[in-house]
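Quick note: the coordinates plus some simple rules give every number you see, no bench work behind them. Only a predicted model underlies this, so the values are computations on that prediction, with no experimental measurement involved. All Cβ positions, glycine included, derive from the backbone under ideal geometry; neighbour counts span all protein chains shown.
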Amino acid sequence: MRITAIRATPVAVPYRAEEVWAFGRRRGQVSVLIEVETDEGVTGLGEAAAYPSADIVLAVLRSIEPLVLGEDPFAVERLVRRIELVGTWHHVKATSPAIAAVEMACWDIAGKVCGQPLVNLLGGRFRDRVDCFYYVARGEPEQVAAEARLAVKSGFSTCYLKVGSDDPRADVERVEALRDGAGPDARLRVDANEAWAPGTAVRVIGELARFGLELVEQPVSGRDLAEMAYVRGRIDVPLLANEASWTRFDQLAVIRAGAADALSVDNQLDGGLLNLKRSAGIAEAAGLPVVKHSLGELGVALAAAVHAIAATPNFTYANQAYGALLADDVTVGFGGGIDAYDQGCVPVPTGPGLGVTLDAERVARYAELYREEGAAFTFSDPAALTRSHALPKF
C-alpha cells in the first residue's frame, strides 16, 4: 500500500461563547481537515489545529508532500523520521500540527486495514473512556457561575477557567464565582498563560488557593525553568507546565529542573500520537502525571487523542477538550458540543481506525464559512490591538 494524495480542507466552526485568554479572544475553531489517500482505496483522516494559522499548516502540508507521497502509511516511524530529518522539519515547532495530522491519518489507515480501533494498535485499553474538563468561558462573575452550574449539571467533575486578566482582582472574583457555581466538590483548574511575574504569581495564587484549586497552569514564563521552580516551591497549589512543555524534549528539561508537578502533552505540538506516548512515558518515569493539552480541536483530532489517552496509564487528570465551547462539529455522531460527553467523559470509539466519519454537508458548510470569515476566527481582539502588551503583564 502506498500514499497517493493528501487533500486538505480548512474549516471554521463557531463557538457558542468566545474563548478569552490573557492576550486576546477567538469566536470559533479553525482546523485543517486532511484526507490521506492510498492506491488501495483506503483513506485516512487527520486534523491539524490552525496553529499559528491555517495558511502555515497548508504551506507545511505542501512542503512535506514530496516526502509523503509514495510512502507506506503503515511505516509511521519511518515516515515521520523522513519528514523530520530529511525534510529538516524537526527544527521548527510551528510545523508540528501539519505533521501530526499526516501521522494521525496514517494511524487511521492502519486501523481500518486491520479492522481494529486505534486504541488496540497503541497498547490496548487501559480505560474505556477519557475524562475531560469543562472549559468555562471567561466573562463577568455571574456568567462564570452560571457556566459552572451548567458544567456540574452536565456531569463534568472538573472546571477550567482562564485567568491572567488585566486586573488580578478580577481573576479572584471570577474564581470565587466559579467555586460558588460549581459547588464544593468540583475540581477547579486555572490557566494564566504566562501572564504573571514570579512575585505576582506567588501572591495571586496564594489568594486563589482558598478556593481549593486542583492545578494552576503556567502562571509564569515557560522559557525560564528556574523561575517556574521558584514559584512551585512557594505555592500550595500543584503547578502544571504547558507553554514550557510543548515537546518531549521540553518536558525532559522541566523534569530535570523540578519545575512542575504535572505536564501538559499534545500530539499536535510534538508531531504525532507516538510522540504523545513518548512524552507520557518520560513523565511516568519521573513519577509525574500528564494532561492532554489542546490548541482547539474538532471530532477527528479529539477521537485520535482519546484513543491514545485510553491506552496510556498516567493520564490521571481531566484533559483539555473544546466540547463546552463548540456549537457544532464536522463528524457523524462524535465530537461537537456538550451533548457528546457522558458525565464529562468521551467514550473510546469502537470502529476501525479513528472510528469517526466526516459529515460531508457540515464540512462543506464550515469550509465555506472559513472562506468567507476565516480571518475573524483567529485569536484577535480589536481592543487588544490598540494596546501595547508586555509579557508578563504583572
Loop-located trypsin sites (Lys or Arg not before Pro) in the range 102-165, at most 15 other Cβ atoms within 10 Å (DSSP): Arg125
Would you work out the charge dipole size for the range 120-347 about its Cα centre, treating the Cβ of every Lys and Arg as +1 and the Cβ of every Asp and Glu as -1, and quote it to the nearest 20 debye? 660
Could you give the length gained by full extension between Ala5 and Val42, i.e. 0.36 nm per residue of separation minus their alpha carbon distance, to one decimal place? 12.2 nm
Could you tell me how many degrees, from 0 to 90 and to the nearest 10, lie between the Cα long axis of helix 360-373 and the main elongation axis, the longest principal axis, of the Cα atoms of the chain? 60
Per residue of the chain, what 222 nm ellipticity follows from adding -39500 (n - 2.57) for every DSSP H run with n ≥ 4, rounded to the nearest 500? -11000 deg cm²/dmol
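Which percentage, to the nearest 5, of the DSSP beta bridges contained in the chain is antiparallel?
Values: 27 of 48 bridges.
Looking only at bridges with both residues in the chain, the antiparallel portion is about 55 percent.
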Taking K and R as +1 and D and E as -1, what net charge do the other residues with C-beta under 10 Å from the C-beta of Gly70 add up to? -2
Express the relative contact order of the range 171-225 as a whole percentage, based on alpha carbon pairs under 8 Å and six or more residues apart in sequence. 46
Can you grab the distance from the C-alpha centre of the range 133-154 to the C-alpha centre of the range 1-55, Å, no decimals? 27
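Suppose the chain between Arg371 and Glu142 were pulled fully straight at 0.36 nm per residue; how much longer would it get relative to their current alpha carbon spacing?
Answer, rounded to one decimal: 78.9 nm.
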Taking only C-alpha pairs under 8 Å that are 6+ residues apart, what is the relative contact order of the range 120-347 in percent? 22
Could the peptides 29-40, 64-75, 291-302 be put in order, highest first, of the mean number of other beta-carbon atoms found within 10 Å of their residues? 291-302, 29-40, 64-75
Out of Ile83, Ile205, His293, whose Cα points farthest toward the positive end of the dipole of the chain (charges: +1 Lys, Arg; -1 Asp, Glu; placed on Cβ)? Ile205
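Note down the net charge around Leu302, summing +1 for each Lys or Arg and -1 for each Asp or Glu among other residues with Cβ under 11 Å from its Cβ. Don't skip to the answer; put the middle values down first.
Working: positive: Lys292; negative: Glu47, Glu297, Asp329.
That works out to -2.
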Toy charge model, Lys and Arg Cβ at +1, Asp and Glu Cβ at -1: the chain dipole around Cα centroid in debye, rounded to 20, equals 640
Any idea what the relative contact order of the chain is, in percent, if you count C-alpha pairs under 8 Å spaced at least 6 apart? 22
If you average the alpha carbon positions of the range 184-207 and of the range 259-277, how far apart do those two centres end up, in angstrom? 22
